[in-house]
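Visitor: Attaching a single structure in structure tokens format; questions to follow.
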Amino acid sequence: MKVKTILTSLFIFSAILSFSQAKDPKASALLEEVSKKAKSFKSIKVELSYSMENTKAKINEEKAVTLLVSGDKYKMFAAGQTVICDGKTIWTYIKESNEVQVNALENKDDALTPSKLLTSYNASYKSKIIKSSDPTAEAVELTPNTSKNFTKAILGIDKAKKQIKSFTLFDKGGNTFSYKVKTYLTDVPVTDADFTFDAKKFPGVEVIDMR
């Protein structure tokens, strides 16, 4: 499972959070509380366990993901790759081939980024509280009002901490993408250098500028 697939499912989840409006007042209030709390932190660092399962295709992949977020900036490690964004430029470093792809972040205001997965909840998806299998978490089911690549998502929120604990995406291809938060650290010290790619630290790296 390449990091592109992991990023794709993260971005889909970001889209849900960025455009979700709960018709259930309880779900709406909960999502607003989680969003407000997450935005109060200068930075958030999470370690996630990621899995993609497709029973029909007999696929069951598991990976570890580390995500550092500060405002519009983020850095993600997954599957031997590192993705870094300073809010304007995205660097994707592939360790195996020692190459980095450089892309411009288009339409910044509308861009779906991992930053949004921890902080943003707005309009256009139906949301409701459902029964949770985890007694320490509230479960919110999110379904799109119009046709999307996914059919629904389930968000697990820690009852006490009001933080994202897990989320699961179900797409039309029969794939199930699951993320479970292993650690959730806030206000981790960060600098601008954490969100830029320094080619000098990677001798011989091939830079592929796609801007």
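The values are calculated or read from the model by the stated rules, or taken from the named source; none is laboratory data. In this text the structure is predicted, and so the values were computed from the model without any measurement. Virtual Cβ from ideal backbone geometry, glycine too; neighbours counted across all protein chains shown.
Visitor: How many of the residues in the range 148-170 are assigned to a strand (DSSP E or B) and not aromatic (F, W, Y)? Before you say what the answer is, go through the steps one by one.
Guide: Of all residues in the range 148-170, those assigned to a strand (DSSP E or B) come to 150-158, 164-170.
Checking the rest, the ones that are also not aromatic (F, W, Y) come to 151-158, 164-166, 168-169.
Within the range 148-170, residues that are assigned to a strand (DSSP E or B) and not aromatic (F, W, Y) number 13.
Visitor: Considering S97, S70, which residue is closer than 23 Å to K201 by Cβ, at pLDDT 85 or above and touching a helix residue (DSSP H, G or I) at 6+ places or on another chain (Cβ under 9 Å)?
Guide: S70
Visitor: Cβ contacts < 6 Å: first residue in contact (Cβ under 8 Å) with a residue 12 or more places away in the chain and of a type in the set (A, V, I, L, M, F, W, C), restricted to the range 55-73; second residue surrounded by 13 or more Cβ atoms within 10 Å (Cβ to Cβ) and in a strand (DSSP E or B), any location; separation 6+ or different chain. Result?
Guide: V65/L48; V65/Y50; V65/A78; L67/V46; L67/M76; L68/K45; L68/K75; V69/I44
Visitor: Here's something else I'd like to know. Which condition breaks for I84 when tested against (1) part of a strand (DSSP E or B); (2) surrounded by fewer than 16 Cβ atoms within 10 Å (Cβ to Cβ); (3) modelled with pLDDT of 90 or more?
Guide: Checking I84 against (1) part of a strand (DSSP E or B); (2) surrounded by fewer than 16 Cβ atoms within 10 Å (Cβ to Cβ); (3) modelled with pLDDT of 90 or more, the one that fails is (2).
Visitor: Same structure, new question: Kindly indicate the residue of the range 154-198 that is of a type in the set (D, E) and crowded, with 16+ Cβ neighbours inside 10 Å and also nearest to N60 (Cα to Cα) among those meeting that condition.
Guide: D171
Visitor: Which residues, counting only those in the range 103-131, are crowded, with 17+ Cβ neighbours inside 10 Å and either closer than 23 Å to L67 by Cα or at pLDDT 95 or above (or both)?
Guide: Within the range 103-131, A111, L112, T113, P114, S115, K116, L117, L118, T119, S120, Y121 qualify.
Visitor: I need the full set of residues from the range 153-201 which are farther than 23 Å from F77 by Cβ and out of contact with any Leu (no Cβ under 9 Å at 6 or more places or on another chain), in order please.
Guide: Selection gives D158, K159, A160, K161, F170, D171, K172, G173, G174.
Visitor: Output the residue which, of all residues in the range 8-47 that are over 20 Å from T186 (Cα atoms) and of a type in the set (D, E, K, R), is modelled with the highest pLDDT.
Guide: So, considering only residues that are over 20 Å from T186 (Cα atoms) and of a type in the set (D, E, K, R), the one modelled with the highest pLDDT is K26.
Visitor: What residue, among those in the range 155-178 that are among the hydrophobic types (A, V, I, L, M, F, W, C) and at pLDDT 90 or above, is farthest from D24 (Cα to Cα)?
Guide: The residue in question is A160.
Visitor: Would you be able to tell me the number of residues in the range 47-73 that are surrounded by 15 or more Cβ atoms within 10 Å (Cβ to Cβ) and β-branched (V, I, T)?
Guide: 3
Visitor: Further question: Inside the range 171-211, can you point out the residues that are more than 30 Å from S127 (Cα to Cα), in a loop (DSSP other than H, G, I, E, B), among the charged types (D, E, K, R) and in contact (Cβ under 8 Å) with a residue 24 or more places away in the chain?
Guide: Within the range 171-211, R211 is the sole residue that qualifies.
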